[in-house]
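Report on the following structure.
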Amino acid sequence: MNYVKWLKYCWWLFFSYKGRIGRIIFLISWIIWAQFYGFLYYLDIHNMPFPPAIIIILLLIVMYTMIPIIVKRLHDTGRSAWHVFKAFIPLIGVFYLLIICVFYRGTDGTNQYDNQPN
């Protein structure tokens with residue numbers, strides 16, 4: 001895979017709401033997201049020379065990039081993107097999404113959202 005193809009794939013993965021991804025890609029993306037989040041948390045608690053506004057903006061960007069990944073995983077299981085709003089249900093919403101995205105198998109073949117991911 002050349003550099004331009006790789007950049008297009010990363011752009012699609014983190015910023016596009018179309019398509020489907022499997023569980024492995026979801027988990028790898030989640031690990032990458034957790035590392036960025038941990039790095040931002042480290043910068044915040046160690047009083048690095050960054051203004052809090054920059055940390056908050058970076059945190060919002062990192063959080064925003066996880067939404068398309070969750071939407072693509074929900075599409076793979078045959079659910080609509082509206083299920084993302086279940087994350088706002090106190091105590092159980094985030095766990096519900098994690099269970100759906102990690103443990104539920106994607107639909108075989110083509111569904112209403114796209115072809116089966118490789």
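Kindly indicate whether LYS8 is in contact with an Asp or Glu (Cβ under 8 Å, 6 or more places away or on another chain), loosely packed, with under 15 Cβ neighbours inside 10 Å and closer than 20 Å to TYR113 by Cβ. I'd like the intermediate steps shown before the answer.
Working: in contact with an Asp or Glu (Cβ under 8 Å, 6 or more places away or on another chain): no; loosely packed, with under 15 Cβ neighbours inside 10 Å: yes; closer than 20 Å to TYR113 by Cβ: yes.
For LYS8, the condition - in contact with an Asp or Glu (Cβ under 8 Å, 6 or more places away or on another chain), loosely packed, with under 15 Cβ neighbours inside 10 Å and closer than 20 Å to TYR113 by Cβ - is not met.
With the structure loaded, tell me whether VAL84 is under 21 Å from ILE24 (Cβ atoms), without any contact (Cβ under 8 Å) to a residue 60 or more places away in the chain, open to solvent by 20 Å² or more (accessible area, probe 1.4 Å) and of a type in the set (A, V, I, L, M, F, W, C) or whether it fails that test. Yes.
Could you go through the stretch 56-64 and let me know if any residue there is in contact with a Cys (Cβ under 9 Å, 6 or more places away or on another chain), surrounded by 14 or more Cβ atoms within 10 Å (Cβ to Cβ) and of a type outside the set (Gly, Ala, Ser). No, every residue in the stretch 56-64 fails to be in contact with a Cys (Cβ under 9 Å, 6 or more places away or on another chain), surrounded by 14 or more Cβ atoms within 10 Å (Cβ to Cβ) and of a type outside the set (Gly, Ala, Ser).
The values are calculated or read from the model by the stated rules, or taken from the named source; none is laboratory data. Bear in mind that the values here come from a model prediction, so they are computed numbers and not experimental data. Every residue, glycine as well, gets a Cβ built from its backbone with ideal geometry; the counts of neighbours run over all protein chains shown. To get the accessible areas, we keep the full protein, side chains included, count just its heavy atoms, and leave off ligands, DNA and RNA. Shrake-Rupley method; radii C 1.70, N 1.55, O 1.52, S 1.80 Å.
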